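Reading through the structure tokens given below for one structure.
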Amino acid sequence: MNTHAATPAAQGTTPARWLAASAALLVALPLLWGAGFASADALHDTAHDVRHAMGLPCH
Ligand SMILES: [Zn+2]
């Protein structure tokens, strides 16, 4: 019987995972905060620009 299965879920929370999670939060939270306080026009323009950047049909 192998009791030392090294699956990712069995590795627990390593310092590297905490670092990755912290880095993700540092990137994500300012974006969420900024979007939350942005005006509707700014959000609409941003979504419009992203649509054009992705090459989706627009106007
Ligand atoms: Zn457009």
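Any read-out appearing in this document is the output of simple, stated calculations on the displayed coordinates, not a laboratory observation. Since the structure is predicted, the reported quantities are computational estimates derived from the model, not experimental observations.
Annotations for the structure displayed:
- 3J(HN,Hα) from dihedral phi, segment 45-59, Karplus parametrisation 6.51/-1.76/1.60, rounded to Hz, x for glycine, proline: 5, 5, 4, 5, 5, 5, 4, 5, 4, 7, x, 7, x, 9, 10
- One chain, two ends: Ala28 and Ala42. Fully extended at 0.36 nm per residue, the span grows by 3.2 nm beyond their Cα-Cα distance.
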